[in-house]
Amino acid sequence: MSPYRLVYGKACHLPVELEHRAYWAIKQLNFSLDKAGIQRKLQLNELEEIRNDAYNCGKRYKDQMKKIHDKNILRKSFFSGQKVLLYNSRLHLFPGKLRSRWSGPFLVCTIFPHGAVEIENPKNSDVFKVNGQRLKPFLELRAPEVEDILLEDPIYQD
């Protein structure tokens, strides 16, 4: 279905076709005003049905997309004492390709309802509230255990 038909309720015709169709329409419709009125009412009803169908299709599509996007949302849950990274949105203003937009780590102090989290900077013990959506868990890399092997001169037996 073309966008022209959705807006105007009729098919789009080129000017060459219109001249012939206009003559035909005048000849056909001028004979009876009652038939023309009934025909116009039917066309208006058909246009309303087409618009309702387009609205329903759009609504169905939006609902499906919402389900797909909501399925991919990850719920973040934090607990007191957990280390987290804070997203610094101001770094968007100063472009730097290799610059990390995450700062931290910070320690979670308190979790409030509706997603607010109070965090503490362990370096200077500043405490402040942030939106929980700006946080992500900090994963510490543990150094692999290193085993020392002393190399000595080999002993050969005869």
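Quick notes on this structure:
- With 20 Å as the limit on Cα-Cα distance, the pairs of Lys67/Lys129; Lys76/Lys97; Lys76/Lys129 that go past it are Lys67/Lys129; Lys76/Lys97.
- Coupling constants for the stretch 50-60 follow from the phi torsions by the Karplus curve (6.51 cos²θ - 1.76 cosθ + 1.60, θ = phi - 60°), and in residue order they are 5, 5, 5, 4, 5, 5, 5, 5, x, 5, 4 Hz; glycine and proline get x.
- Remark: the stretch 55-143 carries 85 Å² of accessible area per residue (probe radius 1.4 Å; ligands, DNA and RNA excluded).
- The portion of the accessible surface of the stretch 37-152 made up by carbon and sulfur, rounded to a whole percent, is 55 (1.4 Å probe; DNA, RNA and ligands excluded).
- Cβ-based net charge around Phe128, under 10 Å, with every Lys or Arg adding one and every Asp or Glu removing one: -2
- Amide H to amide H distances under 5 Å link Phe78 with no residue, where only residues 5 or more positions off or on other chains count and H is placed in the peptide plane.
- The stretch 40-68 and the stretch 104-125: distance between their alpha carbon centers, rounded to Å: 48 Å
The values are calculated or read from the model by the stated rules, or taken from the named source; none is laboratory data. This is a predicted model, so every value here is computed, not measured. Note that each Cβ is placed from the backbone with ideal geometry, even for glycine, and that neighbours are counted across all protein chains shown. For accessibility, only protein heavy atoms count, side chains too; no ligands or nucleic acids. Shrake-Rupley method; radii C 1.70, N 1.55, O 1.52, S 1.80 Å.
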